[in-house]
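Report on the following structure.
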Amino acid sequence: MMLRGLASCAGPTAARLGAGIPLGRRPGAGIPLVQPPGAGFPLVQPRPARFPPGGSVRWAGLRGLCTGAGGCWRCGAAPLEPPGFFCSSCRALQPPDRRRDYFQLLGLPRRFRLSAERLSRSQRRLQRDLHPDNFSRSAEAERRFSEEQSALVNEAYGTLLRPLSRGLYLLRLELPAEAQPEEEEAGSQLPAGDPAFLAAVLRLNEQLEEARGPEDIGLVAEEVEARLRELTELVAQAFEQGRPRETRPLLSQMRFWSSLRERVKERLLPR
């Protein structure tokens, strides 16, 4: 058996916290290396864990030991299974794990179709748990981790909330070797290669420029929203059918229609 608190992949934070401590007093000093059950596993250096009264000692397995960025910065135990915000032993808040994508962070399936209600519910729940006010009397490390985790959750929520940014983000996850930085820039340059799209763009731009009141602007807004709904559905189908490359031109068009929608909103604002 191995203690649940064994850390097989201690991170840089734990290393920094251990710096300057005499060797004889560092956690795990003088403890011999042990061989976990099962042939072929590497030797690991066990670290003492803080078990609750009456707690049990069990073998967690290497997968459970590497779910976060490393062992707990406070006690050396492994974080919880992803998303693993808190240590499974001492309940200390852990630093952000940059290996997780936004879907994992919010506990959502990695797919383009997402329930806005479920997304908001997940974000609110995490912010209640991670809000800095909850750690005002905690150690400085936990206060810093709380701010970082809370900011990361908000960033993930903002990215996944909008279909365009969600599609661009999912495209990078699906095709990391083909990621193109320019895809993320929400400029107004027209994508080439689709005469019908270009003709619609020119026509609606002219309508918006010539609009004399809310009613005229509203007609442009209705068509823009219809175009965005149609593209959103096509992007969803392409991802679901395993054709992520086909979403690139669709997302390019979505970017422009989204930009035009913002211009429509500006025209509708009272002057």
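A few comments on the model shown:
- Protection-proxy order for peptides 103-115, 154-166, 131-143, each taking the mean of Cβ atoms within 10 Å per residue, highest first: 154-166, 103-115, 131-143
- Computed on the Cα trace of the range 95-184, the radius of gyration divided by the Kirkwood hydrodynamic radius gives Rg/Rh = 1.03.
- Per-bin percent of Cα-Cα distances, the range 201-263 [10 Å]: 22, 45, 23, 10, 1
- At full extension, residue 210 and residue 161 could sit 14.4 nm farther apart than now, given 0.36 nm per residue minus the alpha carbon distance.
- Multiplying the residue separation of residue 198 and residue 151 by 0.36 nm and subtracting their alpha-carbon distance yields 13.0 nm.
- Counted by Cβ distance under 14 Å from residue 201, the other residues give a net charge of +1, where Lys and Arg count +1 and Asp and Glu count -1.
Since every read-out is calculated from the coordinates, none of them should be taken as a lab result. Predicted model, so just to flag it, every value in this text is computed and none were measured. Ideal geometry is used to build each Cβ from the backbone, glycine not excepted, and the neighbour counts take in all protein chains shown.
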